[in-house]
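Q: Below you'll find the structure I mean.
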Amino acid sequence: MQKATLSLNGQTHELPLVVGTEGEVGIDIRKLRATTGAITLDPGYGNTGSCESAITFINGEEGILRYRGYGIEELTEKSSFLEVAYLLIEGELPTKAQLDRFRHRLTYHSLLHEDMKKFFEGFPPSAHPMSVLSTIIASLSAYYPENNDPADVELNIIRLIAKIKTIAAFAYKKSIGQPYIYPRNDLSYTGDFLHMMFAVPSETYEVDPLVENTLDKLLILHADHEQNCSTSTVRMVGSSGASLFAAISAGVSALSGPLHGGANQAVINMLERIRQDGANYRKYVEMAKDKESGFRLMGFGHRVYKNFDPRARVIKAAADQVLERLGVDDPLLDIAKQLERVALEDDYFIERKLYPNVDFYSGILYRAMGIPTNMFTVMFAMGRLPGWIAQWKEMHNDPNTRIYRPRQIYVGPNARPYVPIEARE
Ligand code: ACO
């Protein structure tokens, strides 16, 4: 077995290596503290593997992303979101019969318990749909309590994927004061979501196949991304034995931040700000380089990709076609392209290997499809759900899983006697 050698305080320690199927090398430090008394320090976990996983492979230097071995370019072209969801969760592409059954079950579990409508009513209209989404998902554990029976766990997985689109659409309808539109069993997964979002009782709503298809592709592109912030959150919460719903709800909360999934909304806000400022994108590139400004180019940079984010490539190519076919002329698309061009020629961005990420162009596509800005991160969550579930399931079924419990290097005061309040200054 290959080993790494660590020299510490004059002593040599051998640490085993773990090599992945794509040749990635990890130093196994599971016994480090027990044998040396030392721990590793890695704030932000940029060099820390938290698990071995067979779900998603990323090569950030080469811009590669594969789910269970299949490249996302091929999956977006030839597959469907439900097929990809099945692939991620079950490990293999479904047969026709398996996919039919999966689709049927997702269709017939899409209703929410009527009592749950009261939860939506309790939120102020200004509530961000991401807060509503995480709250309602957490509350599903009250309706569908979990035990460890694999059939129950599997049914809860189906329920969650089936209901997330209903929850998302209800959250939107609540925010604009329109009546909830119930799911329809004759529509596709994405078609049904669009219908629940945009139909009103007084009119017939026809799902636009182009919008349906584009949304399906966007969901595929977001479906998994190995151990990112929200997925690690799902695994961390799940490692305590908390329910699937609790773990996914925590993942939704983690995704909402502007440095993570919330970036797609932040990108549109930024592009809008630049447009209102006379489309002076050069000024904003300069601001992004100036640390004092506190401004970053949203939708740029990535912890793992030091090359083009392969998802951004697919989305950028789709954006031109879809906007043209939908007859949408969005000035923000031009600003985004100019911003990208200027940034990619600039030494600051070149040296730091900062490229557009998945969120840079996705918001422009969502806008063209009529999805409001405050729903962008919800769309991301809908897409990411199968990935979160697959990662949760992998962790749940792994006999070697231990509760996630990092350590720390304490830098606070040493032991000192309690000071009575009268003696404090
Ligand atoms: N604009 C300007 N400078 C940037 C940007 C940016 N968007 N991103 C990184 N940098 C700079 C940093 O200031 C730092 O510079 P320095 O070395 O001179 O100090 C260097 O590039 C490295 O950046 P870090 O923040 O250390 O990189 P990290 O891996 O921690 O962060 C992150 C990655 C959070 C994605 C960051 O690039 C960022 O904030 N981007 C904007 C937000 C965004 O688009 N998030 C979505 C990511 S994709 C997703 O979650 C789905």
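Q: Going through the cross-link list 117/163; 217/353; 217/316, which pairs have a Cα-Cα distance over 19 Å in this structure?
A: Checking Cα-Cα distances, 217/353 exceed 19 Å.
Q: Pull out a ≥ b ≥ c, the square roots of the eigenvalues of the alpha-carbon gyration tensor of segment 51-130, then state rounded if a/c is under 1.5, prolate if not and a/b is larger than b/c, and oblate in the remaining case.
A: It comes out oblate by the Cα gyration axes.
Q: Mind pulling the angle between the C-alpha long axis of helix 229-239 and the longest principal axis of the chain? Nearest 10 degrees, somewhere in 0 to 90.
A: Tilt of helix 229-239: around 70 degrees.
Q: Quick one: which of 165/393; 96/173; 96/165 span more than 27 angstrom between C-alpha atoms?
A: Result: 96/173 exceed 27 Å.
Q: Let me ask another. Taking a probe of 1.4 angstrom, what is the accessible area of residue 273 in Å², to the nearest 10?
A: So the heavy atoms of residue 273 present about 110 Å² to solvent.
Q: Another question, then. Compute a Gaussian network model of the chain, connecting alpha carbons closer than 10 Å, and tell me which residue from 377, 76, 231 fluctuates the most.
A: The residue with the greatest mean-square fluctuation here is 76.
Q: What full-extension length gain, to one decimal in nm, is calculated for residue 154 and residue 45 as 0.36 nm per residue of separation minus the Cα-Cα distance?
A: Length difference between fully extended and current span is 36.1 nm.
Q: Here is a follow-up. Using protein chains only and a probe of 1.4 angstrom, how many square angstrom of residue 407 are accessible, to the nearest 10?
A: Accessible area, nearest 10 Å²: 140 Å².
Q: Based on DSSP H runs of at least 4 residues, each adding -39500 (n - 2.57), what is the mean residue ellipticity at 222 nm of the chain after dividing by all its residues, to the nearest 500 deg cm²/dmol?
A: Calculated at 222 nm, the ellipticity per residue is -16000 deg cm²/dmol.
Q: Still on this structure, I have one more. With Cβ to Cβ distances under 14 Å as the rule, what net charge do the other residues near residue 120 carry (K, R +1; D, E -1)?
A: Values: positive: 117, 118, 163, 173, 174; negative: 114, 115, 121.
So the surrounding residues net to +2.
Q: Give me the percent of accessible area attributable to carbon and sulfur for the chain, probe 1.4 angstrom.
A: Within the chain, the accessible surface is 50 percent carbon and sulfur.
Q: Let me ask something else. Helix 81-90 versus the longest principal axis of the chain: what angle, 0 to 90°, nearest 10, using Cα atoms?
A: 30
Q: State in Å² the accessible area per residue of segment 307-407; use a 1.4 Å probe, count heavy atoms of protein chains only, and round to the nearest integer.
A: With the other protein chains kept in place, segment 307-407 gives 42 Å² per residue.
Q: Hey, another quick one. Roughly how many Å² is the accessible area per residue of segment 136-241, as a whole number, for a 1.4 Å probe?
A: It amounts to 37 Å² per residue over segment 136-241.
Q: Hey, rough spin-label estimate for residue 203 and residue 104, points 7 angstrom out along Cα→Cβ, what's it come to in nanometres?
A: Rounded to a tenth, the inter-label distance reads 3.6 nm.
Q: Another one. Take the chain, connect every pair of alpha-carbon atoms lying under 10 Å apart with a spring to form a Gaussian network, then pick out the residue of 100, 398, 192 with the largest mean-square fluctuation.
A: Maximum among the listed residues: 398.
Q: 7 Å from Cα along Cα→Cβ at both residue 24 and residue 186: what's the point-to-point distance in nm?
A: Distance between the two pseudo-spin positions: 4.6 nm.
Q: So, one more: So how much accessible area does residue 289 have, in Å² to the nearest 10, using a 1.4 Å probe?
A: Its heavy atoms expose roughly 60 Å² to the probe.
Q: FRET efficiency for residue 92 and residue 416, Cβ-Cβ distance as r, R0 = 60 Å, nearest 0.05?
A: 0.50
Q: By a straight-distance test (C-alpha under 22 Å), which lysines pair with residue 31 as possible cross-link partners, with residues fewer than eight away in the same chain excluded?
A: 3
Q: While we're looking at this one, here's another question. Based on the alpha-carbon gyration tensor of segment 263-368 and its eigenvalue square roots a ≥ b ≥ c, which shape applies: rounded if a/c is under 1.5, prolate if not and a/b is larger than b/c, or oblate? Walk me through the numbers before you get to the answer.
A: Working: a/c = 1.97, a/b = 1.30, b/c = 1.52.
Oblate shape, in that a/c is at least 1.5 and b/c is the bigger or equal ratio.
Q: Is the C-alpha gyration tensor of segment 68-182 telling us rounded, prolate or oblate? Criteria: a/c under 1.5 is rounded; beyond that, a/b larger than b/c is prolate, otherwise oblate. Show your work: numbers first, answer last.
A: Values: a/c = 2.33, a/b = 1.61, b/c = 1.45.
Note, shape of segment 68-182 comes out prolate.
Q: With springs only between Cα atoms under 10 Å, which of 171, 127, 266 fluctuates most in a Gaussian network model of the chain?
A: Taking springs between Cα atoms under 10 Å, the residue moving most is 127.
Q: Now, a different point. Please calculate how many Å² of accessible area segment 246-296 carries per residue, with a 1.4 Å probe and no DNA, RNA or ligand atoms counted.
A: I get 49 Å² per residue for this part.
Q: Let me ask something else. Suppose accessible area is computed on protein heavy atoms with a 1.4 Å probe; arrange 249, 53 from highest to lowest.
A: The residues order as 53, 249, largest area first.
Q: Considering Cα pairs under 8 angstrom that are at least six residues apart, work out the relative contact order of the chain and quote it in whole percent.
A: Result for the chain is 19 percent.
Q: If Lys and Arg each add +1 and Asp and Glu each add -1, what is the summed charge of the other residues whose beta carbon sits under 11 Å from the beta carbon of residue 298?
A: +1
Q: Sticking with the crude label model, points 7 Å out along Cα→Cβ, report the distance from residue 351 to residue 325 in nm, one decimal please.
A: Each label point is offset 7 Å from its Cα along the Cβ direction, giving 4.3 nm.
The values are calculated or read from the model by the stated rules, or taken from the named source; none is laboratory data. Remember, it's a predicted structure, so these values are computed and weren't measured experimentally. Virtual Cβ from ideal backbone geometry, glycine too; neighbours counted across all protein chains shown. In case anyone asks, the SASA skips ligands and DNA or RNA and just uses the protein heavy atoms, side chains included. Shrake-Rupley method; radii C 1.70, N 1.55, O 1.52, S 1.80 Å.
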